[in-house]
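Participant: Here's a structure for you.
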Amino acid sequence: MALTGRTALLAALGSLPVGMLAPSWAGMLAVNAPLSLAILCDYLLAAPVRTLRFTRTGDTTVRLGEQADVQLIVSNPSTRPLRAQVRDAWPPSSWTPGTEQAASRKRLRVPAGERRRLSTALRPTRRGDRRAELITVRSHGPLGLAARQGNHRVPWTVRVLPPFTSRKHLPSRLARLRELDGRTSALLRGQGTEFDSLREYVAGDDTRSIDWRATARQATLAVRTWRPERDRHILIVLDTGRTSAGRVGDVPRLDASMDAALLLTALASRASDRVGLLAYARRVRAQVLGRSARELMPAMVDALAPLEPELVETDTRGLATAALKSAPRRSLIVLLTGLDAAPIEEGLLPVLPQLVQRHTVVVASVADPEVQRMSSKRGDVRAVYGAAAALQALEQRRRTAQQLERCGVTVVDASPELLAPSLADTYLALKAAGRL
């Protein structure tokens, strides 16, 4: 049983005159006995809570920052009308801070034998799965003095997908890809390393592209045309160890790496290349391999959504073994990890030769723009010391990148906003150079 504020107010109004004029237990009992009887009758007349039936419908996925609507259908099989307050509880990160109470609590009236629909608007603030908690129902009597209260558990999960904010860069990179592929509106033939077709020689063509056998057959000069390679294999490897948990601005490094991985996946799938995903820390945490172009992006987004950093040191030897197993033929391996000196020198560099020997390797890392800003401050002694530390950190990252480049690795080091387009540009440059 739950008592309402109206009950407390009536009890106070009835007891106050008795306490002021003739304070006695008999007087208090004479005032509160009828109120207690009214409370009991009101409780008995309230619709039962245990017999209520609940059904959920609505969205099961939503992008981070967007709104998901989940409907709750309340059925009242009893012979008494339901006057209730309903709280549909979800994890705190399911709403924008400060809006939880208004979004989760509803007043509801359901006549006997009927049902009503409640809509809950979720706006999650974190990636991953958001699972519905208990539904708490407080059923009031007709007098509004007492209420029955109970809980129901109705499972429902809304998967919050990565926001993919870098998709705004996709149209410009697709235009460059079409230019490479020779499919611009000006019909300019792209430069690549994969044979495309023969055409008649025109003034200005590179004489090295003349096909002398075809020329002999048709008695006119014929030149070979080329296009960027297609059907190449790309494996995106996400380091989900402790270094990925660091925050750059308000975004974890892992989230920025995911955004870059999604842009590269969208671009490479449009270029008719095959893309796979491997997320690793001490074990394989997510894997997407062998998907068609139509299935690739949904599978990739679904695999990335529940991933969170693990506060453990990444097993780079195991990561390299898993990458080689996932890429049995020559591929472009894109490793999204940190450029901290110790993990690279002690973990990645010893296993790098076996990767570089068989594959083209790109290491992409999220740089902190705040360190760059600190390096230019000279206002006071504190700023000077901060600038010295920032310059030392930047120099250390530069040396680490040079070590990787000497091993034959292409390094992309950019801020969270620039990492995705920079990685896409690197992919296009490698494709144009025929290094895939």
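The values are calculated or read from the model by the stated rules, or taken from the named source; none is laboratory data. If you're wondering where the values come from, they're calculated on a predicted model, not measured in any experiment. A quick note on method: Cβ atoms are made from the backbone with ideal geometry, for glycine too, and the neighbour counts reach across all protein chains shown. Side chains are part of the model used for accessible areas, which takes the heavy atoms of the whole protein and leaves out ligands, DNA and RNA. Shrake-Rupley method; radii C 1.70, N 1.55, O 1.52, S 1.80 Å.
Participant: Whenever you get a sec, compute what percent of the accessible area on the chain sits on carbon and sulfur atoms (1.4 Å probe). Provide the component values of the computation, followed by the final result.
Facilitator: On the way: 12250 of 22830 Å².
For the chain, the apolar C and S fraction of the accessible surface comes to 54 percent.
Participant: Now for a separate question. Would you pull out the residues with amide H under 5 Å of GLY58's amide H, same chain only if 5 or more places away, H placed 1.01 Å from N?
Facilitator: Amide H neighbours of GLY58, under 5 Å, 5+ apart: GLN71.
Participant: Right, another one. Of the beta bridges DSSP finds with both residues in the chain, what % are antiparallel, to the nearest 5?
Facilitator: Working: 52 of 77 bridges.
Expressed as a percentage, antiparallel bridges in the chain total about 70.
Participant: Considering amide H positions built from the backbone, and no H for Pro or chain starts, which residues 5 or more places from ILE236, or on another chain, come under 5 Å of its amide H?
Facilitator: Hits under the 5 Å cutoff: GLY276, LEU277, LEU278, VAL334.
Participant: Taking 0.36 nm per residue of sequence separation and subtracting the Cα-Cα distance, how much length would be gained by fully extending the chain between GLN85 and ALA102, in nm to one decimal? Mind showing how you got there, number by number?
Facilitator: Values: separation 17, 0.36 × 17 = 6.12 nm, distance 1.22 nm.
Additional length available on full extension: 4.9 nm.
Participant: On to the next question. GluC sites (Glu not before Pro) within region 73-140: which are DSSP loop residues with at most 15 other Cβ atoms inside 10 Å?
Facilitator: Qualifying residues, ordered by number: GLU114.
Participant: Relative to the longest principal axis of the chain, what angle (0 to 90°, nearest 10) does the C-alpha long axis of helix 381-406 take?
Facilitator: Tilt of helix 381-406: around 50 degrees.
Participant: Tell me, what ³J(HN,Hα) does each residue in region 52-60 have, in order and in whole Hz, if you take phi through Karplus 6.51 cos²θ - 1.76 cosθ + 1.60 with θ = phi - 60° and put x for Gly and Pro?
Facilitator: Karplus-based 3J(HN,Hα) across region 52-60 equals 5, 10, 10, 9, 10, 9, x, 6, 10 Hz.
Participant: Go through region 244-251 residue by residue and turn each phi into a ³J(HN,Hα) via Karplus (6.51, -1.76, 1.60, θ = phi - 60°); whole Hz please, and just put x for glycine and proline.
Facilitator: 6, 7, x, 9, 10, x, 10, 10
Participant: Out of residues 5 or more away from ALA47 or on other chains, whose amide H comes under 5 Å of its own, with H placed 1.01 Å from N in the peptide plane?
Facilitator: Distant-sequence amide H within range of ALA47: ARG83.
Participant: How big is the gap, in Å, between the Cα center of region 262-282 and the Cα center of region 97-124?
Facilitator: 40
Participant: With a probe of 1.4 Å, find how much accessible area the chain has per residue, and write the answer as a whole number in Å². Before the final figure, lay out each step's value.
Facilitator: On the way: 22830 Å² over 436 residues.
Result: 52 Å² of accessible area for each residue.
Participant: What aspartates and glutamates does LYS325 reach when the alpha-carbon gap must be under 20 Å and sequence neighbours fewer than 8 apart in one chain are set aside?
Facilitator: Straight-distance partners of LYS325: ASP231, ASP239, ASP273, ASP315.
Participant: Can you tell which of PRO155, PRO34, PRO416 shows the greatest fluctuation in a Gaussian network model of the chain with Cα springs below 10 Å?
Facilitator: Evaluated over the chain, the most mobile residue of the options is PRO34.
Participant: Now, a different point. Along region 415-420, what does the Karplus equation 6.51 cos²θ - 1.76 cosθ + 1.60 (θ = phi - 60°) give for ³J(HN,Hα), rounded to whole Hz, x for Gly and Pro?
Facilitator: 5, x, 6, 9, 5, 4
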